[in-house]
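Novice: I have a structure here, written as structure tokens, and I will follow up with some questions on it.
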Amino acid sequence: MLNKNQTLGEFIIKNQTSFKYSSGELSSLINSIRLAAKVVNHEVNKAGLVDIIGFTGNENIQSEKQQKLDVYANEKFISTLINRNIVCGIASEEEENFITINSSDRNNQNKYVVLIDPLDGSSNIDVNVSVGTIFSIYRRKTKIGTEVSIDDFLQKGRNQVAAGYIIYGTSTMLVYTTGSGVNGFTLNPAIGTFYHSNSSIKIPNDGNIYSINEGNYLQFPEFVKKYIKFCQEEKDDRPYTSRYIGSLVSDFHRNMIKGGIFLYPQTSKNPNGKLRLLYECNPIAFICEQAGGVATNGKENILDIIPTELHMRMPFYCGSKKMVQQLKKFI
Ligand code: AHM
Ligand code: MG
């Protein structure tokens, strides 16, 4: 039930018992992400100002402001998770290797690992276009109390315990799922609190938006070219509308609310696609499925793919069920 006066903190506590493995640990973890999101939001919001008054650049003595925002976001999310002693390992799109957290006082008793894309679509910041943070949470596979290993991170998306994103847009939203529906929370910037604004979000079964970087058209596989032509054909409820921001979180969020399909195929420049399976495809696929949609790489459901590398890329097609089914007919 939607109660717009309910804060994200209250919602987390109230729904704690519906988590698959309820111990309070996952609630604290999502709370930490909420906190880091507010800090990053504050910084993202003043990005234009910071540029104008010259607080960025190498000459600046305030070294923390010289950092690019994606590096800043990476550090904020990682340090918040480490300081709160809430996870046993972190993998980030910005880090070459995963991070092992040894908490001596608790003998590394934490059972969750977090995978994060701290600031996705960051090239859009310079032009004041929405960007996002994407996160994905798994239970570790290795024994509690031991060091995490790569196996804890290379899990199929279906094993996710929770996933979500923060969209730094016209308003800032945190959207997440713990496997029982998708809920959205909008930040009231005046008081720095997220309020429950979207309850049990459902993606329309069909839609009329297709989102793809058509500049790469000549490099697309044949079935994608055919599908684009299908979208553009004047027949039935077509032509569809093309909408592409170039910021996955924003493109997906719009399609989830309005109904649509997002496509990032393999190209000659990116023969395995551009998006990363662990930090981008899996969490978005989990949210999409929880909202009633579907995500595929063209052959398999994204959530069933067993990852082989931390930073591996994957072709990605996701959105309204009927639209993805239609795309698959061209394969
Ligand atoms: P990034 O992780 O380097 O920011 O790249 C990911 C972004 C996605 O947000 C977006 O869907 C895609 O790259 C856009 O790529 P392109 O500019 O090739 O269309
Ligand atoms: Mg990214």
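Novice: If only one of 144, 125, 134, 116 is more than 16 Å from ligand 1 (Cβ to nearest atom) and at negative phi, which one is it?
Specialist: None of the other options fit; the residue is 144.
Novice: Is it true that some residue in the range 176-186 is more than 22 Å from residue 92 (Cβ to Cβ), of a type in the set (Ser, Thr, Tyr) and away from ligand 2 (no atom under 16 Å from the Cβ)? Even if it seems obvious, please write down each step before you answer.
Specialist: First, the residues of the range 176-186 that are more than 22 Å from residue 92 (Cβ to Cβ): 179-186.
Of the ones still in play, those that are also of a type in the set (Ser, Thr, Tyr) are 180, 186.
Then drop every residue that is not away from ligand 2 (no atom under 16 Å from the Cβ), which leaves 180, 186.
Yes: one or more hits.
Condition check ((1) in the same structural domain as residue 36 (by TED's automatic domain parsing); (2) under 18 Å from the mean Cα position of the chain (by Cα)) across all residues:
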position: 162; (1), (2): yes, yes
position: 174; (1), (2): yes, yes
position: 180; (1), (2): yes, yes
position: 190; (1), (2): yes, no
position: 203; (1), (2): no, yes
position: 230; (1), (2): no, no
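Novice: I'm trying to understand the selection: among the residues of the range 151-185, which are without any contact (Cβ under 8 Å) to a residue 40 or more places away in the chain and over 28 Å from residue 113 (Cβ atoms)?
Specialist: Once the filter is applied, which keeps residues that are without any contact (Cβ under 8 Å) to a residue 40 or more places away in the chain and over 28 Å from residue 113 (Cβ atoms), the range 151-185 yields only 171.
Novice: Further question: Inspect the range 298-319 for any residue being at positive phi and within 11 Å of ligand 1 (Cβ to nearest atom) and give the result as yes or no.
Specialist: No: the range 298-319 contains no residue that is at positive phi and within 11 Å of ligand 1 (Cβ to nearest atom).
Novice: Scan 273, 319, 298 and give me the residue that is surrounded by fewer than 24 Cβ atoms within 10 Å (Cβ to Cβ), within 23 Å of the chain's Cα centre (by Cα) and more than 18 Å from residue 93 (Cβ to Cβ).
Specialist: So the residue among 273, 319, 298 that is surrounded by fewer than 24 Cβ atoms within 10 Å (Cβ to Cβ), within 23 Å of the chain's Cα centre (by Cα) and more than 18 Å from residue 93 (Cβ to Cβ) is 298.
Novice: When you scan the range 183-197, how many residues do you find that are in a strand (DSSP E or B) and in contact with a Ser or Thr (Cβ under 8 Å, 6 or more places away or on another chain)?
Specialist: 10
Novice: Residues in the range 40-50: is at least one modelled with pLDDT of 90 or more, among the hydrophobic types (A, V, I, L, M, F, W, C) and in the same structural domain as residue 171 (by TED's automatic domain parsing)?
Specialist: yes
Novice: With the structure loaded, tell me whether residue 292 is over 14 Å from the mean Cα position of the chain (by Cα), small (Gly, Ala, Ser) and within 14 Å of ligand 1 (Cβ to nearest atom) or whether it fails that test. Don't jump to the end; show me each part of the working.
Specialist: Values: over 14 Å from the mean Cα position of the chain (by Cα): yes; small (Gly, Ala, Ser): yes; within 14 Å of ligand 1 (Cβ to nearest atom): no.
Against the criterion (over 14 Å from the mean Cα position of the chain (by Cα), small (Gly, Ala, Ser) and within 14 Å of ligand 1 (Cβ to nearest atom)), residue 292 does not qualify.
Novice: If you go through the range 264-284, how many residues are within 21 Å of residue 141 (Cα to Cα) and away from ligand 1 (no atom under 13 Å from the Cβ)?
Specialist: 1
Novice: Going through 70, 105 one at a time, which residue ends up being modelled with pLDDT under 90 and either within 16 Å of ligand 2 (Cβ to nearest atom) or aromatic (Phe, Trp, Tyr) (or both)? Break it down into steps so the answer makes sense when it comes.
Specialist: On the way: 105 fails: either within 16 Å of ligand 2 (Cβ to nearest atom) or aromatic (Phe, Trp, Tyr) (or both).
Result of the check over 70, 105: 70.
Novice: Looking for whichever is on the phi > 0 side of the Ramachandran plot and touching a residue at least 40 places away in the same chain (Cβ under 8 Å) here; the options are 293, 246. Which one fits?
Specialist: Going through 293, 246 in turn, the sole match is 246.
Novice: Follow-up. List pairs: first residue in the range 113-135 and at pLDDT below 85, second residue acidic (Asp, Glu) and more than 8 Å from ligand 1 (Cβ to nearest atom) anywhere in the structure, Cβ distance under 9 angstrom, at least six positions apart or on different chains.
Specialist: As it stands, the answer is 126/51, since those pairs meet every condition given.
The values are calculated or read from the model by the stated rules, or taken from the named source; none is laboratory data. Note that the structure is a prediction, hence the values are computed from the model and not measured. Positions of Cβ are backbone-derived with ideal geometry, glycine not excepted, and every protein chain shown enters the neighbour counts.
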